[in-house]
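Inspection log for the structure reproduced underneath, given as structure tokens.
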Amino acid sequence: MNAPHDTDARLTELEIKASYAEDLLEQLNTTIYRQQQQIDLLLREVTGLRQQLPEGSQPVLRNLRDDLPPHY
């Protein structure tokens, strides 16, 4: 006749797991929201920088090897 006790214990454990899952989901949603805000801010900054370029000019593409220190 341990069945009711086992069922209660299993139910309690499932409720605990569900609670942790809900908390994790809320944390992930908050993280995604903050990341989207950062992405939006960066996109606005890139747009502003592009608008500061003179008309008709193309961005200068450089080879990163040109920036190596002399000892390489």
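By how many degrees, between 0 and 90 and to the nearest 10, does the Cα long axis of helix 3-52 differ from the longest principal axis of the chain?
10 degrees
With springs only between Cα atoms under 10 Å apart, run a GNM on the chain and tell me which of Arg50, Arg62, Arg34 wobbles the most.
Checking each option, the largest mean-square fluctuation is seen for Arg62.
Using semi-axes √(5λ) of the Cα gyration tensor in Å as the read-out, say which of (i) 30, 16, 7; (ii) 58, 20, 7; (iii) 31, 14, 9 was calculated from these coordinates.
Derived directly from the coordinates: (ii).
Top mean-square fluctuation among Glu45, Glu22, Glu55, Gaussian network model of the chain, C-alpha springs under 10 Å?
Among Glu45, Glu22, Glu55, the largest GNM mean-square fluctuation belongs to Glu55.
None of the figures in this text is laboratory data; all of them are computed from the coordinates on show. Keep in mind it's a predicted model, so treat the numbers as computed, not measured.
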